[in-house]
Every structure is written in structure tokens, then in C-alpha cells.
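Worksheet: the structure to be examined is printed underneath.
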Amino acid sequence: QVQVVESGGGLVQPGGSLRLSCAASGSIFSIWSMAWYRQAPGNQRKLVATITRQNNTNYADSMKGRFTISRDNVKNTVYLQMNSLKPEDTAVYYCNAEIRSSPSDTLRHYWGQGTQVTVSS
């Protein structure tokens, strides 16, 4: 009964910017880390950035300096601000969240359905 839904993808020119959002809803006791991944056609899904509940962040080297991950714990939402976009950034971007639905539940990873980002002139 937990849902994770991404939004904000679209078509953008090289050098442009997009801001992705991912909202978790449903039966949520606590959210631990949240993360963004991306997957280009024919490739493995790769980590983009992670953020803990204390706002500690980590980025893949190719994203560092261009992408910024942040979260709003009241809204159960994580964001990915993407600047200076390149054609190589074209991919489906997925949100992942570590969530406990109750104090007795096992920590589980939940995936969103993905949002398409296309960088092209």
C-alpha cells in the first residue's frame, strides 16, 4: 500500500535544466534513504544520487556538480535538480525509497514507475 511516483521528466535541449520530483505515499511509518537511478536503452540501471534522512548526499562522479538531490521529509518527497544537461543524460529516471510501513515491518525498497528524460536539440 506504499506508492512511489516520479514526475517532471520531459524533452530539454542540451545545456538546459529539469527538476524531477518523487513522492512517497500510503502506509508509511518512516523513510530512511531515498535515491535516484537512471537507465538508458540497452544499459543497466545505474545510481545517480542518494540522500539520507539527515540530508547526507552522495553522487555518481558524472553527475557531481551538475545534479543536486534534496528531500522534504514532511511531504515525503525527494527532488533531483538537473542542470547543464547533456545528450548522455537521456534515460528513464527512477526513484527508490527505503520505507517501513510500521515499527514491526521489515525495511523495504520501493521503486517508482520511472519518468523519461530526453536531452536533444
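Looking across the stretch 51-67, the residues that are assigned to a strand (DSSP E or B) and more than 24 Å from Pro103 (Cβ to Cβ) come down to Thr57, Asn58, Tyr59, Phe67. Of all residues in the stretch 37-52, none are hydrophobic (A, V, I, L, M, F, W, C), in contact with a Lys or Arg (Cβ under 8 Å, 6 or more places away or on another chain) and at pLDDT below 95.
Candidates in the stretch 96-121 are the residues that are more than 20 Å from Lys46 (Cβ to Cβ) and part of a strand (DSSP E or B); of these, the one that is farthest from the chain's Cα centre (by Cα) is Arg100. Please find, among Pro41, Pro14, the residue that is in contact with a helix residue (DSSP H, G or I) (Cβ under 7 Å, 6 or more places away or on another chain), in a loop (DSSP other than H, G, I, E, B) and not polar (S, T, N, Q). The match here is Pro14.
Can you pull out the residues in the stretch 63-88 that are within 21 Å of Val5 (Cα to Cα), under 14 Å from the mean Cα position of the chain (by Cα) and either open to solvent by less than 20 Å² (accessible area, probe 1.4 Å) or not hydroxyl-bearing (Ser, Thr, Tyr) (or both)? Full working, then the answer.
From the stretch 63-88, those within 21 Å of Val5 (Cα to Cα) are 67-82; that's our starting set.
Among the residues that remain, those that are also under 14 Å from the mean Cα position of the chain (by Cα) are: 67-72, 76-82.
Within the stretch 63-88, Phe67, Ile69, Arg71, Asp72, Asn76, Thr77, Val78, Leu80, Gln81, Met82 meet the criteria.
Looking only at residues in the stretch 94-113 that are closer than 17 Å to Asn76 by Cα and among the small types (Gly, Ala, Ser), the one that is surrounded by the fewest Cβ atoms within 10 Å (Cβ to Cβ) is Ser102.
To keep it simple, each residue is scored yes or no on (1) more than 18 Å from Val117 (Cβ to Cβ); (2) touching a residue at least 60 places away in the same chain (Cβ under 8 Å).
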residue: Val2; (1), (2): yes, yes
residue: Gln13; (1), (2): no, yes
residue: Trp32; (1), (2): yes, yes
residue: Thr68; (1), (2): no, no
residue: Gln81; (1), (2): no, yes
residue: Leu85; (1), (2): no, yes
residue: Thr90; (1), (2): no, no
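Each residue in the stretch 1-23 was checked for being under 11 Å from the mean Cα position of the chain (by Cα) and either open to solvent by less than 20 Å² (accessible area, probe 1.4 Å) or hydroxyl-bearing (Ser, Thr, Tyr) (or both), and 6 of them qualify.
Taking the numbered list (1) among the small types (Gly, Ala, Ser); (2) part of a strand (DSSP E or B); (3) more than 18 Å from Leu18 (Cβ to Cβ) in turn, Ser70 passes all entries but (3). Set side by side, the residues Arg53, Arg38 differ, and just one is out of contact with any Leu (no Cβ under 8 Å at 6 or more places or on another chain), of a type in the set (Lys, Arg) and either without any contact (Cβ under 8 Å) to a residue 60 or more places away in the chain or farther than 17 Å from Leu20 by Cα (or both), which is Arg53.
The values are calculated or read from the model by the stated rules, or taken from the named source; none is laboratory data. Since the model is a prediction, treat every value here as computed from it, not as a measurement. Virtual Cβ from ideal backbone geometry, glycine too; neighbours counted across all protein chains shown. Heavy atoms of the whole protein, side chains included, go into the accessibility calculation; ligands, DNA and RNA do not. Shrake-Rupley method; radii C 1.70, N 1.55, O 1.52, S 1.80 Å.
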